[in-house]
Amino acid sequence: MTNAEGQPIPVIIDCDTGVDDALALLFAVRHPGLDVRAVTCVAGNTDVDGVVRNTLTVLELAGAPDIPVARGAGRPLIEPARSARHVHGEDGMGDIGLPAPTRAPADVDAVTLLRREILASPRPVTLIPTAPLTNIALLLRTHPEVTRNIERIVFMGGAVACGNATPVAEFNVWHDPEAAAIALTAGVPITMYGLDVFQRVVVPGADVRRLRASAEPGTRLAGDLLSHRPATPDVGADSEAGGIGDAGAVCSVVDPAGITTRLLPVEVSLAPGPTRGQTVVDRRPRPGESEIHDGLREQQLVDVALDVDVDRFVKLYLTTVEG
Ligand code: BDR
Ligand code: CA
């Protein structure tokens with residue numbers, strides 16, 4: 001898969017590596033249809049220095065040690081950082097004993113690297129945030145001129161039906177709701193790869209075992225990481241199955257036909273209390289009482305992923321990572 005001119009799609013991944021962010025990086029650097037121009041790091045699953053370390057190590061094991069990596073925001077715009085170590089382990093990588101990286105990150109911060117790579121790209125860049133949107137919000141507010149060379153933002157975050165951080169809010173948006181609101185209203189085309197599809201793409205246990213037995217370090221790492229991904233109720237008795245998580249968002253850039261999207265109004269709840277961080281997706285077929293009584297409000301339209309072809313993405317993931 002390439003863009004209309006038959007060339008790889010230039011992408012930048014903004015991540016909080018993170019078990020499934022690592023799965024996303026492994027996929028992205030191994031897919032010939034993607035040109036990964038940079039990877040930027042933000043606090044989320046673990047602290048930002050841990051994210052940088054994990055990201056550098058994963059890229060080395062994946063055989064892509066030259067992609068520039070930059071450290072970004074160490075906390076959300078307003079709130080303190082709240083890690084997800086209970087999901088991703090003490091080191092953010094499932095505590096599977098990864099080696100330390102051999103190189104250091106770029107000597108510029110994430111926002112500077114994002115700006116530089118976006119403006120230097122000969123073709124518009126697709127941004128793929130798989131983490132809280134703090135770096136992206138800071139970029140859009142500091143250097144709004146970058147939007148002229150951004151093709152689209154395809155972000156993992158939000159949920160139509162059900163949250164994970166709270167009953168209604170997904171972790172990445174909940175962690176920094178103000179940043180998500182800024183990204184959603186930047187005027188850039190945006191795809192929301194939310195929990196509704198994120199949780200469904202699961203690699204069967206037999207495939208996970210094969211990856212873990214591989215002699216190739218990147219493939220083996222993918223297997224080890226998948227084996228750390230908690231099985232969802234959907235996989236029933238297959239206790240070794242593992243979800244690809246954030247990697248699904250990258251799959252949807254390579255193969256947009258693998259998801260079904262609808263252009264819908266989406267608003268991030270910034271109110272304190274039980275709805276904070278919710279992505280309120282308006283699926284009503286016609287205006288309701290709020291519009292009748294309070295008038296129409298201008299709302300951001302987002303391509304919301306409502307369905308995913310699970311087999312297609314599992315196959316895409318495996319064939320790409322196994323080479
Ligand atoms: C998101 O939160 C993180 O734990 C995962 O890496 C993913 O990006 C899911 O809510
Ligand atoms: Ca993530």
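The values are calculated or read from the model by the stated rules, or taken from the named source; none is laboratory data. All of these numbers come straight from a predicted model, not from anything done at the bench. For neighbour counting, all protein chains shown are included, and Cβ atoms are generated from backbone atoms with ideal geometry for every residue, glycine included.
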Quick check on my filter: what residues within segment 61-107 are surrounded by fewer than 19 Cβ atoms within 10 Å (Cβ to Cβ), over 26 Å from A179 (Cβ atoms) and not β-branched (V, I, T)? G63, A64, P65, D66, D95, G97, P99, A100, R103, A104
Could you give me the residue pairs with C-beta distances under 9 Å whose first residue belongs to segment 159-174 and is closer than 9 Å to G277 by Cα and modelled with pLDDT under 95, whose second residue is in a helix (DSSP H, G or I) and more than 13 Å from ligand 2 (Cβ to nearest atom) wherever it lies, and which are 6+ apart or on separate chains? none
Name every residue in segment 162-174 that is within 8 Å of ligand 1 (Cβ to nearest atom) and crowded, with 23+ Cβ neighbours inside 10 Å, in order of residue number. E170, F171, N172
Take the residues in segment 202-259 that are within 15 Å of ligand 2 (Cβ to nearest atom), modelled with pLDDT under 95 and part of a loop (DSSP other than H, G, I, E, B), then tell me which one is surrounded by the most Cβ atoms within 10 Å (Cβ to Cβ). R229
Any chance segment 12-29 includes a residue that's surrounded by 21 or more Cβ atoms within 10 Å (Cβ to Cβ), in contact (Cβ under 8 Å) with a residue 40 or more places away in the chain and away from ligand 2 (no atom under 16 Å from the Cβ)? no
Just one listed residue, out of L114, L138, is buried (at least 23 other Cβ atoms within 10 Å of the Cβ), of a type outside the set (S, T, Y) and not in a loop (DSSP other than H, G, I, E, B), and it is L114
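When the residues of segment 30-43 are narrowed to those that are within 14 Å of ligand 2 (Cβ to nearest atom) and touching a helix residue (DSSP H, G or I) at 6+ places or on another chain (Cβ under 6 Å), which ends up farthest from A106 (Cα to Cα)?
V42
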Set S252, S214: member being more than 16 Å from ligand 1 (Cβ to nearest atom), polar (S, T, N, Q) and under 19 Å from L23 (Cβ atoms): S214
If A206 passes every condition in (1) of a type in the set (A, V, I, L, M); (2) more than 30 Å from L77 (Cβ to Cβ); (3) touching a Gly at 6+ places or on another chain (Cβ under 8 Å) but one, which one does it miss? (3)
Looking at segment 117-135, which of its residues are part of a helix (DSSP H, G or I) and either touching a Cys at 6+ places or on another chain (Cβ under 7 Å) or hydrophobic (A, V, I, L, M, F, W, C) (or both)? I118, L119, A120
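One line per residue, one yes/no per condition, for (1) part of a loop (DSSP other than H, G, I, E, B); (2) within 16 Å of ligand 1 (Cβ to nearest atom):
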position: E60; (1), (2): no, no
position: A64; (1), (2): yes, no
position: E90; (1), (2): yes, yes
position: R103; (1), (2): yes, no
